[in-house]
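Each remark here refers to the structure printed beneath this line.
No lab work stands behind these numbers, since they all come straight from the coordinates. Please read these numbers as outputs of a predicted model, since none were measured by experiment. Glycine gets a Cβ as well: all are built from the backbone with ideal geometry, and neighbour counts include every protein chain shown.
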Amino acid sequence: MKTHTTTQRIAIVTGGGSGIGLAIAEKFVQASILTIIIGRDQKKLGAAQKQLGDLCEPVCQDLDDLAAIPGLIDQLVHRHGHIDILVNNAGINMKKEFTDVTDEDFERILHTNLRSVFTVSREVVRTMLPRGKGHIINISSMAAQYGIPKVIAYTASKSAVEGMTKAMAVELSPKGILVNCIAPGFIATDMSSKALDGDAERKQKVFSRTPMGRLGDPGDIGDAALFLASEQAKYVTGVILPVDGGNSVGF
Ligand code: NDP
């Protein structure tokens, strides 16, 4: 890993080994930000590190293990001195009829998409407060903008992430920590292909209400995250930013 100075900006991108998280990590690395990517799949993380180079540090950790999170953040701060940016991107989805969703299904999605976001954020914010600065960027979904059938737990989790963004923003912005959220539209990744491939009706619905007429590129979300983490966004906090080709306002 590259050695760095105290002015080196440090970011954590959860789920940074693939899809949108990888694209965010790539934009950060291109902007000379040392970027720690966290995921569960060592192979995926290794490939991402190889692709992104010395400014990318892979960390294999299942964020569902809430008890391990304080120690992990402590270790990272010990190693790097501080954290400037946290992107809560790791997430899972599940498509099932409302009445088929078990309590365990519901809990599993909420656990990864909401509870671990809270725990990681709390631990990182604790380290940001003494410095009086930092950026938290949460990732929600169109599922929190309007109703999408067959994703009840995912919708509940992402709606809660948006609510948490606003609550965090009002409490933490006076202390120098800016908290924002990106609501991606339909972006070409493994997650969206699982949800759309083999469901022609849903795919058609997505395209018909997306004025730009195509899926987004993971890099589009990376650009938005880089902006929200930049000096140019220094008066932006508590925002839910759709990056969606117009999908959220589509007819
Ligand atoms: P991917 O499935 O490609 O990526 C999800 C990432 O999350 C993976 O890198 C995965 O890592 C990581 N992850 C999942 N669970 C855990 C866990 N318990 N601990 C650590 N890491 C975990 O999906 P996308 O890139 O499409 O999605 C990224 C985010 O964007 C998600 O929050 C998703 O809800 C959101 N989103 C995506 C949209 C899309 O159209 N693609 C639209 C709207 C929102 P690993 O496999 O190593 O565990």
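Observations, loosely collected:
- Label point 7 Å beyond Cα of Asp223 along Cβ direction - residues of region 26-69 with amide nitrogen under 17 Å: 26-31
- For the chain, the longest principal axis of the Cα atoms and the long axis of helix 152-172 meet at an angle of about 40 degrees.
- Rounded to whole Å, sorted largest first: equivalent-ellipsoid semi-axes of region 10-239, Cα gyration tensor: 27, 19, 18
- The order of the peptides 167-176, 230-239 by mean Cβ neighbours within 10 Å, most packed first, is 167-176, 230-239.
- Amide H contacts under 5 Å for Asn89, placed H, 5+ residues apart: Thr14
- Checking every one of the GluC sites (Glu not before Pro) in region 55-158 against DSSP loop status and a limit of 13 other Cβ atoms within 10 Å picks out Glu97.
- Cα-projected label distance for Ala67 with Asp199, points at 7 Å along beta-carbon direction, nm: 3.5
- Between Lys150 and Phe98, the built amide H atoms are under 5 Å apart, and every one of these is 5 or more places off in sequence or on another chain.
- Gyration tensor (alpha-carbon) shape descriptor, region 173-213, a/c threshold 1.5: prolate
- Added length on full extension, which subtracts the Cα-Cα distance from 0.36 nm per residue, Leu129 to Val170: 13.3 nm
- Spatial separation of Cα centroids for region 30-81 and region 156-196, in angstrom: 20
- What the Cβ-Cβ distance of Tyr235 and Asp41 gives, at R0 = 51 Å and to the nearest 0.05, is a FRET efficiency of 0.85.
- Maximal additional length on extending the Ser32-Phe98 stretch stands at 19.3 nm, based on 0.36 nm per residue less the C-alpha distance.
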